[in-house]
1. Restricted to region 34-47, and to residues that are open to solvent by 70 Å² or more (accessible area, probe 1.4 Å) and more than 9 Å from the chain's Cα centre (by Cα), which residue is farthest from Glu70 (Cα to Cα)?
2. With the requirement that a residue be of a type in the set (S, T, N, Q) and at pLDDT below 95, what does region 29-50 give you?
3. Any residue at all in region 51-74 that is open to solvent by 60 Å² or more (accessible area, probe 1.4 Å), of a type in the set (A, V, I, L, M, F, W, C), modelled with pLDDT of 85 or more and assigned to a helix (DSSP H, G or I)?
Amino acid sequence: MVKGSPVTANGAAGKRHSAECVGEAEETVEQLRAALRGAGITLPSLRVDPLMIGREAPCPLVELGRCSVETAARLAVLLPGRGEGKR
């Protein structure tokens, strides 16, 4: 490897970075799932986006997924701004 050159997605540092990001993303998803469960809300599709796991950058995305209108309304009430159309 040339000194100062970036590590590719196949390089050891890239894999380590990716593994750390995936672990952090999975932990965050579990924390969000637990918080939502505590509020009586379930997002069945909540997960780490599997298409992003193999990439070094950007770090994995969290896929919130689809939910019913009732669940969306409950989320809107719980979130700051209370679903009042604030942007």
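The values are calculated or read from the model by the stated rules, or taken from the named source; none is laboratory data. Nothing here was measured: the structure is a model prediction, and the numbers come from that model. When the accessible area is computed, the model is the full protein with side chains, heavy atoms only, and any ligands, DNA or RNA have been set aside. Shrake-Rupley method; radii C 1.70, N 1.55, O 1.52, S 1.80 Å.
1. Applying the first criterion (open to solvent by 70 Å² or more (accessible area, probe 1.4 Å)) to region 34-47 yields 37-38, 42, 44, 47.
Of the ones still in play, those that are also more than 9 Å from the chain's Cα centre (by Cα) are 37-38, 42, 44.
On the way: Arg37: 15, Gly38: 17, Thr42: 11, Pro44: 14 Å.
Among those that are open to solvent by 70 Å² or more (accessible area, probe 1.4 Å) and more than 9 Å from the chain's Cα centre (by Cα), it is Gly38.
2. Thr42, Ser45
3. Within region 51-74, one or more residues are open to solvent by 60 Å² or more (accessible area, probe 1.4 Å), of a type in the set (A, V, I, L, M, F, W, C), modelled with pLDDT of 85 or more and assigned to a helix (DSSP H, G or I).
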